[in-house]
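Asks: Please read through the structure below; I'll follow up with questions.
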Amino acid sequence: MDLELNETQTAFRKMAAEFVDAEIVPNVREWDRREEVDLGIVRRLGELGFLALGIPDEYGGVECDMVGYTTVIEELGRGDSSVRGIVSVSLGLVSKSIAAHGTEEQKREWLPRLTAGEALGCFALTEPGTGSDAGALISRARRDGDDWVLNGQKMFITNGTWAKVALVFARTSDDGGRGVTAFLVPTDLPGFTANTIHGKLGLRGQATAELVLEDVRVPDSARLGEVGKGLGIALGALTKGRISVAAGATGLAQGALDAAVRYAGEREQFGRPIAAFQLVQELLADSAVEVEAARLLTWRAASMADRGAGRQELATAASMAKYHASETAVKVSNNALQVFGGYGYTDETPVGKYVRDARVLTLYEGTSQMQKLIIGRALTGVDALVPR
């Protein structure tokens, strides 16, 4: 078993690390305070190919396997989870869904713009009343001649106010999860409204939105995949999306650990650096072990995706990685805050933001509790979500 990155993966990681240190880290505090990332960063992500990883080159893509992709996502997560989320959603959930399920016309219409950073995509699945129970969504799409008319509301949608295209999941029949269909909806259509959600605990620089669709009309050519197959598209995207979140969580935890180690060597108490105290070393050692375990679980899941693992096998590995890495991000950022003491409680140091950004990682793209149920189902063969 090879636990080392190859030359190409290492190059992607190095390029991402240099970009993060030069163009993200110096701006993070300002973006967090004003609750908005500089959108110029999107064009830079496109120029560097970070919005094109794993997309076929005929559509502007860059050849890259899943492990290489996770190394980039980890570095972006180390720099700023808000920027990492731009890539995870627009590329990981939207562009890759179009590449996997789209018609040739859809691919040529959207992928070159998305991969270049000329446009962003958002993944419109979650609703005010449906989160973990994605199959219970109530937004509807009604057939009207050659068109579809969409009505509904989506909530907590990353990139929602920045996106040029929304991958919208809507109910086309009452046949449970089998009655959901996916649509590529341009966000400038009449009846489409995106409202920014302010006052978030973390990810303050990220555009998180409520979407409202009121009689939004799209042609049948905007449908992604077959009628009634939308939930499968969503769940397939979210499985790999969880690997991406795991990578970002690992990066956040690594950033918090790095900050804590630096500070422990600089801060003096009782006549010596606090790094000399056993209990501080315990916090750092515990954090280092958890970060390394999260990274290896993430690489394992990504490697399984590259090898074409079966759907259930990959889903379980992705859930393990996402569960452990997101909980690790919370634990390690809290440990880092403890090392910093009172100074960590202000935004003059990076660890307060790490703490705030880490918390949501245990919630979106499947809560930690949902990941445990997926893992438990794989172990026991019993689905705890099915009434008996």
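Asks: Between (1) 75, 51, 47; (2) 79, 48, 41; (3) 72, 60, 45, which matches Cα extents along the principal axes in Å calculated for the structure shown?
Replies: Recomputing Cα extents along the principal axes in Å here picks out (2).
Asks: At a Förster distance of 41 Å, what's the computed FRET efficiency of LEU189 paired with GLU266, Cβ-Cβ distance as r, to 0.05?
Replies: For R0 = 41 Å, the calculated efficiency reads 0.15.
Asks: Arrange the peptides 62-70, 35-43, 244-252 so that the one whose residues have, on average, the most other Cβ atoms within 10 Å appears first. Don't jump to the answer; show the numbers that get you there.
Replies: Values: 62-70: 21.7, 35-43: 16.8, 244-252: 32.6.
Peptide ranking by packing, descending: 244-252, 62-70, 35-43.
Asks: Keeping every protein chain present and rolling a 1.4 Å probe, give me the accessible area per residue for segment 313-388 in Å².
Replies: So segment 313-388 comes to 49 Å² accessible per residue, rounded to a whole number.
Asks: Using +1 on the beta carbon of Lys and Arg, -1 on that of Asp and Glu, and nothing else charged, what's the dipole of segment 1-149 about the Cα centre, debye to 20?
Replies: 360 debye
Asks: Can you return the aspartates and glutamates within cross-link range of LYS372? Criterion is Cα-Cα under 13 Å, with same-chain partners fewer than 8 residues away left out.
Replies: GLU327, ASP383
Asks: Please quote Rg/Rh for segment 267-388 to two decimal places, taking the Kirkwood radius as Rh and restricting both calculations to Cα atoms. Mind showing how you got there, number by number?
Replies: Details: Rg = 18.2 Å, Rh = 16.4 Å.
Ratio of gyration radius to Kirkwood radius for segment 267-388: 1.11.
Asks: Here's a follow-up. What is the local net charge at LEU167, summed over the other residues whose Cβ is closer than 12 Å to its Cβ (Lys, Arg +1; Asp, Glu -1)?
Replies: With Lys, Arg at +1 and Asp, Glu at -1, the neighbours total +4.
Asks: For segment 1-99, what size does the Cα cloud have along each of its three principal axes, sorted from largest down, in whole Å?
Replies: Each principal axis gives a Cα extent; for segment 1-99 these are 42, 31, 20 Å.
Asks: Calculate the spin-label point distance for LYS229 paired with VAL386, positioning each point 7 Å from the Cα along the beta-carbon direction, and give it in nanometres.
Replies: Each label point is offset 7 Å from its Cα along the Cβ direction, giving 2.3 nm.
Asks: Given +1 on the Cβ of Lys and Arg, -1 on the Cβ of Asp and Glu, and no further charges, what dipole in debye does segment 221-292 carry about its Cα centre, rounded to the nearest 20?
Replies: I would put it at about 460 debye.
Asks: Once each part is reduced to its C-alpha centroid, what is the distance from segment 326-365 to segment 125-189 in angstrom?
Replies: 33 Å
Asks: For the chain, which whole-number percentage of the solvent-accessible area (1.4 Å probe, protein heavy atoms only) is attributable to carbon and sulfur atoms?
Replies: Of the solvent-accessible surface of the chain, carbon and sulfur hold 52 percent.
Asks: Let me ask another. Obtain the nm distance between the two label points defined at SER173 and GLU36 by a simple spin-label model: each point lies 7 Å from its Cα along the Cα-to-C-beta direction.
Replies: It works out to 4.5 nm between the two label points.
Asks: State the extension gain, in nm to one decimal, for the chain segment bounded by ALA276 and GLU47, taking 0.36 nm per residue of separation less the distance between their alpha-carbons.
Replies: Values: separation 229, 0.36 × 229 = 82.44 nm, distance 4.44 nm.
So the extension gain works out to 78.0 nm.
Asks: How are the C-alpha pair distances of segment 53-182 spread across 10 Å bins, as whole percents from the shortest bin up?
Replies: 12, 37, 35, 14, 1
Asks: If you don't mind, another one. Below 8 Å between Cα atoms, with a sequence gap of 6+, how large is the relative contact order for segment 257-327 in percent? Provide the component values of the computation, followed by the final result.
Replies: Values: 39 pairs, mean separation 17.5, N = 71.
Computed value for segment 257-327: 25 percent relative contact order.
Asks: Using every alpha carbon pair in segment 94-156, what percent of pairs falls into each 5 Å bin from 0 up to the bin containing the largest distance?
Replies: Going from the shortest bin to the longest, the percentages are 4, 15, 17, 16, 23, 18, 6.
Asks: Something else about it: Calculate the dipole size of the chain relative to its Cα centre from +1 charges on Lys and Arg beta carbons and -1 charges on Asp and Glu beta carbons; express the result in debye to the nearest 20.
Replies: So the dipole magnitude of the chain works out to roughly 820 debye.
Asks: Averaged per residue, what accessible surface does segment 1-115 expose to a 1.4 Å probe, in Å²?
Replies: Spelled out: the 1.4 Å probe surface of segment 1-115, per residue, equals 43 Å².
Asks: Further question: Please report the net charge: other residues with Cβ closer than 15 Å to the Cβ of GLU292, K and R +1, D and E -1.
Replies: Neighbourhood net charge equals -2.
Asks: Same structure, new question: Want the number for ALA378 to GLU63: 0.36 nm per residue separation, take away the alpha-carbon distance, what's left?
Replies: 110.2 nm
Asks: Residues of segment 171-199 with amide nitrogen under 12 Å from the 7 Å Cα-to-Cβ point of ASP144?
Replies: Flagged as within label range: 190-191.
Asks: Then there is this: Please state the equivalent ellipsoid semi-axes for segment 149-301: what are the square roots of 5 times the Cα gyration tensor eigenvalues, largest first, in whole Å?
Replies: Those come to 46, 19, 10 Å.
Asks: If you don't mind, there's one more thing I want to ask. Normalised by the number of residues in segment 127-183, what is the relative contact order in percent for Cα pairs under 8 Å and 6+ residues apart?
Replies: 33 percent
Asks: Then there is this: What is the gain in length, in nm to one decimal, between GLU214 and ASP2 on full extension, counting 0.36 nm per residue of separation less the C-alpha to C-alpha distance? Write down the numbers at each step before the final one.
Replies: On the way: separation 212, 0.36 × 212 = 76.32 nm, distance 5.20 nm.
Working it through step by step, the gained length comes to 71.1 nm.
Asks: Which entries of LYS107/LYS200; LYS164/LYS240; LYS14/LYS331 have Cα-Cα distances beyond 32 Å here?
Replies: Those over the limit are LYS107/LYS200.
Asks: Over the chain, what is the mean sequence separation of C-alpha contacts under 8 Å (at least six apart), divided by residue count, expressed as relative contact order in percent?
Replies: Once normalised by length, the contact order is 16 percent.
The values are calculated or read from the model by the stated rules, or taken from the named source; none is laboratory data. Please read these numbers as outputs of a predicted model, since none were measured by experiment. Here the Cβ is made from the backbone with ideal geometry for all residues, glycine too, and neighbour counts use every protein chain on show. In case anyone asks, the SASA skips ligands and DNA or RNA and just uses the protein heavy atoms, side chains included. Shrake-Rupley method; radii C 1.70, N 1.55, O 1.52, S 1.80 Å.
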